[in-house]
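Peer 1: Please see the structure below; I have some questions.
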Amino acid sequence: MRPLLQQAEADGKWIIVLSHHAAGSLGGPTNEGESISPQEWRDFLGSFPRVVLHLGAHSHRFGYRVAQPTTGHAYFEAETASLLDWPDQTRLFEVWDQDNGFLSIRGAPVDYAIEGDPTLAEARRRAAADYAAGWVTAGPGDPEARAIELYFPKP
């Protein structure tokens, strides 16, 4: 991954890193030995000034926070749930240069159409049942499930 991040930096690109696991779910033994800890991961990403967002999943919930590496720069972390988790949405993220020394990240929930597709309609019905039963914690009224717009100075 290091060579890809170095190339993106050299090309002057703002970087969004996508992974199955969010930083908070990293760590512990694996079949290959010890994995990287959440803080080691944050320090690694923080060492690349053009990393602005790490988007992870695995937790089946929506949320965002500021990652605070012990070295390097802070960046945003976002978690997203599966399309099968209530509220059955994906997230669209955009990075905008505000032309005033600041960048912004916009994250918007996007619904998918279920009209004419009984399989998708059933998936949404089941996700709503999971939410109503307390299986998942994020829903359309929760702050973590709303659209976000975050501003920060260019690194």
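Peer 1: Where does the chain land at 222 nm, in deg cm²/dmol rounded to the nearest 500, when only DSSP H runs of n ≥ 4 count, each adding -39500 (n - 2.57), divided by all residues?
Peer 2: -6500 deg cm²/dmol
Peer 1: Here's a follow-up. Rounded to the nearest 5, what % of DSSP beta bridges with both residues in the chain are antiparallel?
Peer 2: 70 percent
Peer 1: What whole-number value in Å² describes the accessible area per residue of the chain for a 1.4 Å probe? Please report the intermediate quantities before stating the final value.
Peer 2: On the way: 9140 Å² over 155 residues.
That works out to 59 Å² per residue.
Peer 1: With the Cα gyration tensor of segment 31-80 giving a ≥ b ≥ c as the square roots of its eigenvalues, does the rule (a/c under 1.5 for rounded; else a/b larger than b/c for prolate; else oblate) give rounded, prolate or oblate?
Peer 2: Oblate, because a/c is 1.5 or more while a/b does not exceed b/c.
Peer 1: Just checking my list (i) 13.2; (ii) 11.5; (iii) 10.0 against mean projected area of the Cα convex hull in nm² computed from this structure; which label fits?
Peer 2: (ii)
Peer 1: When Lys and Arg each count +1 and Asp and Glu each count -1, what net charge do the other residues less than 13 Å away from Ile114, Cβ to Cβ, add up to?
Peer 2: Here the charged neighbours net out to -2.
Peer 1: Tell me whether segment 74-117 comes out rounded, prolate or oblate; compute the Cα gyration tensor, take square roots of the eigenvalues as a ≥ b ≥ c, and use a/c under 1.5 as the rounded threshold.
Peer 2: Values: a/c = 6.29, a/b = 2.17, b/c = 2.90.
Judged from the Cα gyration tensor, segment 74-117 comes out oblate (a/c at least 1.5, b/c at or above a/b).
The values are calculated or read from the model by the stated rules, or taken from the named source; none is laboratory data. Quick caveat: nothing in here was measured; it's all calculated off a predicted structure. Using ideal geometry, Cβ is built from the backbone for each residue, glycine included, and neighbour counts are taken over all protein chains shown. Each accessible area value is taken on the protein alone, full model and side chains, heavy atoms only, with ligands, DNA and RNA left out. Shrake-Rupley method; radii C 1.70, N 1.55, O 1.52, S 1.80 Å.
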